[in-house]
Amino acid sequence: MLSRSAGFAALAAARDAVLERAGGDARDGLAGAPRVRVLTGAEGHETIDSAARMLGLGVPGKVAADAQGRLDPAALEAALASGRSPTIVVLQAGNLHSGAFDQFEDAIGVAHRAGAWVHIDGAFGLWAGASPRTAALVRGIEAADSWSTDAHKTLNVPYDCGVSIVADPTAAVRALGLSASYLEAVAGDADPHDRVPELSRRARGVPVWAALRSLGVDGVAGLVDGLVVAAQGIAAGIARIPGLEVRNDVVFTQVCAGFADDERTRALGAALAEEGEVFASPSTWHGRAVVRCSVSNAGTDARAVARTVAAFERAAAQL
Ligand SMILES: Cc1ncc(COP(=O)(O)O)c(C=O)c1O
């Protein structure tokens, strides 16, 4: 599964749990049940909106975020106080454009005091917790009710290895569990298919296990550190290009840059793609064109950083 499905699985557990706390039962359907609301930061990822919609919860309410895209805990408190319905709050570890992390200790405290379930979308950022150099970014996440992440992003295993982690295993199984007369039940434990949307599925856990087993704790930390160092190197290098501005605080693996003129930024992205040495995804952040580097390949060493910066310089020189 992908992060979208991992988020879906965790939010399914969340939906059923908050409904149950409110005296409802998702097995009876949502019609007539208390309305479950989902709140995310203004820069929450689109897959969370889509997962909430697939679960019949509608488009999540948006909570104000700061300049780096971090949800504002005070705005969350106000949003929570404005309604009494069962609530799921989705926080983010790693903003797609800035790499920023929500302030988990504050936001989770606020959400839990209001009785909400807290989910963390950590598609690429949850892995910050693996390195002592970046662990502070995810401080407090252990208090959340569920997490989702992608092993195919930061951990560098093949695509389609989303991971959903729910603190209360009974909540996941209640929402997604499935039994059939032709399937042999595993005594004493739930089957993997009881916690995810699929039944027949590839053994995706094998490459994830193999990567973790071969890297070990220090290896994963080194991988994460290497990505961050590469992002910082790219940011420092391209910030020296006249007129090109790095728009985010580079706290993790994302670098977003642009010229004052959006057309020039778009032309930069096109020139990079045309040359083909480097791909920086063209995007729009805070209403302005940006080119975005998301460093996620463990092979991004000092030489790759230098090649990236040189490709940006060549592309900028052409404009
Ligand atoms: C924060 C965040 N959440 C979710 C996703 C979606 O991941 P996937 O494509 O694996 O569904 C991304 C993708 O970059 C992301 O950055």
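The values are calculated or read from the model by the stated rules, or taken from the named source; none is laboratory data. Keep in mind that what you see is a predicted model, and the values were worked out from it rather than measured. Don't worry about glycine lacking a Cβ; one is built from the backbone with ideal geometry, like all the others, and counts go over all protein chains shown. When the accessible area is computed, the model is the full protein with side chains, heavy atoms only, and any ligands, DNA or RNA have been set aside. Shrake-Rupley method; radii C 1.70, N 1.55, O 1.52, S 1.80 Å.
Worth pointing out:
- Verdict on Asp72 being more than 16 Å from the ligand (Cβ to nearest atom), crowded, with 19+ Cβ neighbours inside 10 Å and either under 28 Å from Arg202 (Cα atoms) or under 13 Å from the mean Cα position of the chain (by Cα) (or both): no
- Exactly one residue among Asp66, Asp25 is free of Cβ contacts under 8 Å to residues at least 40 places away in the same chain and under 29 Å from Ser281 (Cβ atoms), and that residue is Asp66.
- Selection from the stretch 149-163 of residues that are more than 8 Å from the ligand (Cβ to nearest atom) and in contact with an Asp or Glu (Cβ under 8 Å, 6 or more places away or on another chain): Cys161, Val163
- Matching entry among Arg174, Arg195 (being away from the ligand (no atom under 16 Å from the Cβ), open to solvent by 30 Å² or more (accessible area, probe 1.4 Å), touching a Pro at 6+ places or on another chain (Cβ under 8 Å) and in contact (Cβ under 8 Å) with a residue 60 or more places away in the chain): Arg195
- Members of the stretch 124-148 that are in contact with a His (Cβ under 8 Å, 6 or more places away or on another chain), open to solvent by 30 Å² or more (accessible area, probe 1.4 Å) and within 15 Å of the ligand (Cβ to nearest atom): Trp147
- Scope the stretch 283-319; condition surrounded by 18 or more Cβ atoms within 10 Å (Cβ to Cβ), in contact with a strand residue (DSSP E or B) (Cβ under 8 Å, 6 or more places away or on another chain) and closer than 29 Å to Ala65 by Cα; matching residues: Trp285, Ala289, Val290, Val291, Arg292, Cys293, Ser294, Val295
- Of everything in the stretch 148-176 that is closer than 16 Å to Asn95 by Cβ and not polar (S, T, N, Q), the residue that is nearest to the chain's Cα centre (by Cα) is Asp150.
- Tabulated pairs, the stretch 123-135, first under 15 Å from Leu91 (Cβ atoms), second acidic (Asp, Glu) and within 15 Å of the ligand (Cβ to nearest atom), C-beta under 7 angstrom, 6+ apart or interchain: Ala123/Asp150; Phe124/Asp150
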